[in-house]
Every structure is written in C-alpha cells, then in structure tokens.
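This report refers to the structure that appears directly beneath it.
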Amino acid sequence: MKPAYSVIFLTTLIGAGQGLFLALFTQQSYALFGQLPMQEDGFYGYGSVLVLLLLCGGLVASFFHLGHPERAWRTATQWRTSWLSREVIVLPAFMGVVFLYATTHLLGWRPVLITLPSGLEIDLSIALGVAGTLLAFTLFICTAMIYACLRFLREWNSPLTVINYILLGGASGFTLATAFAAVIAPLQANFFGGWAIIITLLAFVGRSASLFRNSRLKPISTIQTAIGIKHPQIVQRSKGAMGGTFNTREFFHGKSEKFMRRIKPGFILFSFMLPLLLLFLGLSSASALLLGGAFIVQYSGLLAERWFFFAEAKHPQNHYYQGKA
Amino acid sequence: MTQLALVIDLNVCVGCHACVTSCKEWNTSGSAGPLCDENPYGADPTGTFFNRVQTFEIGQYPNSETLHFPKSCLHCEDPPCVPVCPTGASYKRKEDGIVLVDYDKCIGCKYCTWACPYGAREFDEKAKVMKKCTLCVDRIYDQSLDEIDRKPSCVKACPTSARLFGDVHDPESEISKAIREDGGYALMPEWGTHPANHYLPRRKTKLKIHNDELERADNPLKVDGLLPKPNKNDPSMDDVSAW
C-alpha cells in the first residue's frame, strides 16, 4: 500500500493525544486513592489542552485525506457496519469529553457527584475522566479495526494490530506526559516515566511480534487464483494502461527493497531504543530537555513505524499489476 | 432474486480493447459526468476506467499462450467494499444486485478500494470520488433503446461475443448455462466474496479425423465414377449464385 501522510499524522497524533489523556487520568486515579499527591487543577487542565491540540492536529490531517471534506458529516451515518464511521463518531466525542475535563479543571468547578461508602468523593472531573478513558480505548480500537478488519490485507488482519495501536499510542502519550510533568510538576516525572518505559517495552514486544508474524505470512491469493489459470508460470505482459492508473499509484509504496530493509531497524531504534535510553537518562538526571527529546525522537520513530505499517501491507489486487511490482 | 452479471469467455477474447473504449465512451458521456483523464496526449497518460484488458503470458516459449484478461467490477454477491463505506455512498441494489457508488455522497476516502481484493474501483482524480463499473445501469433499463441495445456497452461492442450479460441467479439464462456447461469460474474464490461475474476458461477445440473417415464408408468397393458432365444448356455456377 502507498502510505498517505494524512493518515500517518492522523493516527500518530491522536494516538499520542489519547495516550497523554490516559496518562493524566492514571495519575489522577492514583491520587484519588491517595497513592500519589493530587496535582493542581492546572496540571490536568493544561495537560488536557495539550491533548486537545494533538487531537485537533490529527483531525485536521485527516481532512487532507478526503476528496470531498465538505461531505465529511456523512461519515457518521454508517456506524452499524463501518469502523471508519465509528472512528468518526468516537473522535469528536472523545474531544468533547477532554474539553469538558479540561474546563472543569481550569475553571476549578468540580462539584462532588457522589460520595462512596468509604468516604471517597467522586467529583465531576473524575466522572469525565472515566468517560474519557473509555472513549480513548474505544477510539484506539476503532482506529486499529479500520485496518485489522480488512481480511485480505493479512499484515493488518490480526489482533496484534489493535494491541499495537493501543501500546504505541500509549507509549508516546506517557513519554509526552513525562516531559510535561518534568516541566510543570517535576515530582511526578518518575511516575509517568516509569509507565512510559514499561509501555514502550511492551510496545516493542508487540511490534516485534507483528513484524515476526508478517515476515512469515504465506500469501493466500496468487496470480493463479487472481486470473483462474492454474499454471505455475504466468507473466504479465500488459497492465491495460500505458501511463499508470489509480491501482498502480495507490497500492505500491514505490520504494526499493533496500529502503524497506533499512527503515525497519530505523523505526525500532527511534520508536523504542533511543526513547528508552533518553527516558532513563532524563529521569536519572531530572532533565526536562532529555525527556522532551525522548518524546520527539519517539514520535518521529512512530511516523516511520506508521509509514512502514502501511507500506508493508500487500494488497491482493497487486497480482493484477505484477508488471509494476 | 436477480443478480445481473457478466460472463467473460477467455477462450474467444482477442484482446482488442473494444470493450474498454466503448465502456469509456458510454460512461464518460452520461449524466454522471465524465470519467476524467489526465495528460491524455502527454507522455504519461492516465485516467479513470471501469474496465481494462490485461495480457498475461502463460508458460514458457515456445509452449506458451497469450491470455487477454478483461476485468471490471465483479458485482460480488457479498461485496466487501460496501459495509466499510462510512457514508453509505457504496451500496448494492437489492433488485438486481448491481454494486454502485452514489457520487453525490462519496467523500473520496478510498477506504473501499482497500477493501476490494480485485482492484475494481478507481478514484477519479478530478471529480475526487470513487468510480466503478455500473453494468451500464443507465442503459440496460432504458425503454427508449431497442431491446437488443439494452445491454452493457462492453457487451454490445465485443466483436467476438466474448462478453455475455444476464441474470446469474436464473438457471435458464444464457450466462448460467455458459457457466454450467463451459466450466465458468470466479476470481479469488478464497475470500468468499462470491463474485457475480464469471470467467470461462481457455478450451482446446480439437477435431480428430480418422483415416477411414476420409473415404466414403458407404462406398466400400470404390465404384464411384466421375459425375456426369453437365449439359451445355444447363445453368452455370455464375447463373445460380451471387458469388
């Protein structure tokens, strides 16, 4: 497949946004149960503003993917069958909840909704945080299922796709939260950094598993099943067009084998290895600069990872254009 | 329930691309707007087509065969491109099974092309919507045309009658008989899309003549003489025949 930059930015930006929100609310949940000190409203409020900026960036990027963005409202209609439609509904819903969560904190308006028998007070921001957490995970599932549900794109058609979207988004979000905390609330940086390291390690395992799986996939469709001629030797002599078609542009990444071999260790280094190193160094030296660098390095690694994710998928229609491949 | 479909006979397709050009001509001239081309006379021409003929070489020379392979939307009975469409622009008609795109609802997200294993859909780079074969839905029901013309444009154009059109659910239709009797098959059956369009395989037509058939079996004693000479007044060949 040809990776579309709009979709690469959409999925990586909202992934980091969702991860950051989950990080913020994880800290607030710990604080609710007295495991960590509750932070000032500004910490959660401005953190959520950062989440909103990332989500808006992703949303804007997604519009560049559409031929008719003015009709985008129609995409909310087919939620019964289409994961893309579900994503289009969940993303604004999540943004709305994050906006309210940010507002309750920034305005300091957190009325207590219920008091649990143990004396724990559940205020509005906690309720919104729970709703936002559920929506963040739903959004991860919707985004990943857009790809995982396509059964003949076998590189994507696996539960690992969903797991990796959650883990990769979570890793970048928690790394960003670490850098954010290092600036706003330095005492919390270790908490976020610890989780960022754990999730980045898990993401490394998950992504390695999918790379391993995909490298051993045996194609189900062949040129023989594509044209129904059972002969071992079939060569395409004409593609039915001289100057290329939509099919030759959309389904081939157009990069060399060598490039594909090089980008793989490249994104592993930038998405996992270097961020882990920078997180470790940043936390041990309490350097916001190194932690910010960890996020930037990891995000750029994830851009390459997402590019590879799309490019790696081999569409069965390519059998009809093997002359190109 | 009706399921309109094409059957393409690979045994007689000669790869002349008449179906491609007549499809383009009909479908670029309709009320749905043109099938846009870019650079049509330049070095790198490209454009939107519903139907293309590709050519494959099977086997190794000298034991090889050339296969011309026309492919358009197969109008799957279980089309994977339809449920993924976020706007409902992609749909399958209940009454005749044709898979269509509503160009006024399509947002051009291209997700349906990812979901089609056959590469049957093409994005129109100028109209910014997805386009695909309509089985000439604006033609096959047109009462103002003679009944013989109410067929897809490609079917009408094919000089070797390699393209048949009809209802694949009617066991007595021409195409159902062709599929049944000549070994019709579907493309990529492994994905369970149940394409309505079928292909008829290459078939060897051989006539074996035994030596004894070269002689008249009812003339065992070989006593046939030459035919009697015609009378000079009888009409000659030029008088009775136009050729």
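The values are calculated or read from the model by the stated rules, or taken from the named source; none is laboratory data. Keep in mind that this is a model prediction, so the values were computed, not measured. Quick reminder, even Gly has a Cβ in these numbers, built from the backbone with ideal geometry, and neighbours come from all protein chains shown. The protein model used for the area step is the full one, side chains on, heavy atoms only, and it has no ligands, DNA or RNA in it. Shrake-Rupley method; radii C 1.70, N 1.55, O 1.52, S 1.80 Å.
Note on the stretch A:209-252: residues that are more than 7 Å from chain B (Cβ to nearest Cβ), polar (S, T, N, Q), under 27 Å from A:V7 (Cα atoms) and touching a residue at least 12 places away in the same chain (Cβ under 8 Å) total 3. Would you pick out the residues in the stretch B:37-48 that are open to solvent by 30 Å² or more (accessible area, probe 1.4 Å) and either at the interface with chain A (Cβ under 8 Å from one of its Cβ atoms) or not in a strand (DSSP E or B) (or both)? Listed by number, the residues that qualify are B:N39, B:P40, B:Y41, B:G42, B:A43, B:D44. Quick check: anything in the stretch B:128-143 free of Cβ contacts under 8 Å to residues at least 60 places away in the same chain, under 20 Å from the mean Cα position of the chain (by Cα) and away from chain A (no Cβ under 14 Å)? Checked the stretch B:128-143: at least one residue is free of Cβ contacts under 8 Å to residues at least 60 places away in the same chain, under 20 Å from the mean Cα position of the chain (by Cα) and away from chain A (no Cβ under 14 Å). Among the residues of the stretch A:279-325, those that are among the basic types (K, R) and outside any helix (DSSP H, G or I) comprise A:K314, A:K324.
Answer yes or no: is there a residue in the stretch B:138-148 that is surrounded by fewer than 23 Cβ atoms within 10 Å (Cβ to Cβ), of a type in the set (F, W, Y) and in contact with a Ser or Thr (Cβ under 8 Å, 6 or more places away or on another chain). Taking every residue of the stretch B:138-148 in turn, none turns out to be surrounded by fewer than 23 Cβ atoms within 10 Å (Cβ to Cβ), of a type in the set (F, W, Y) and in contact with a Ser or Thr (Cβ under 8 Å, 6 or more places away or on another chain). Under the condition of being in contact (Cβ under 8 Å) with a residue 40 or more places away in the chain and more than 14 Å from chain B (Cβ to nearest Cβ), the residues counted in the stretch A:282-311 number 18. The residue that is least open to solvent (accessible area, probe 1.4 Å), counting only those in the stretch B:101-131 that are within 16 Å of A:T77 (Cα to Cα) and β-branched (V, I, T), is B:I107. Checked against the criterion of being of a type in the set (A, V, I, L, M, F, W, C) and either more than 20 Å from the chain's Cα centre (by Cα) or more than 22 Å from A:C56 (Cβ to Cβ) (or both), the candidates A:L116, A:L91, A:L84 yield just one match: A:L116. Only residues that are touching a helix residue (DSSP H, G or I) at 6+ places or on another chain (Cβ under 6 Å), in contact (Cβ under 8 Å) with a residue 24 or more places away in the chain and part of a loop (DSSP other than H, G, I, E, B) were counted across the stretch B:98-117, and they come to 1. Could you tell me whether the stretch A:185-201 includes any residue that is in contact (Cβ under 8 Å) with a residue 60 or more places away in the chain and closer than 30 Å to B:W191 by Cα? No, there is no match, as no residue in the stretch A:185-201 is in contact (Cβ under 8 Å) with a residue 60 or more places away in the chain and closer than 30 Å to B:W191 by Cα. Restricting the stretch A:66-120 to residues that are among the basic types (K, R) and assigned to a helix (DSSP H, G or I) leaves a set whose member that is farthest from the other protein chains (Cβ to nearest Cβ) is A:R86.
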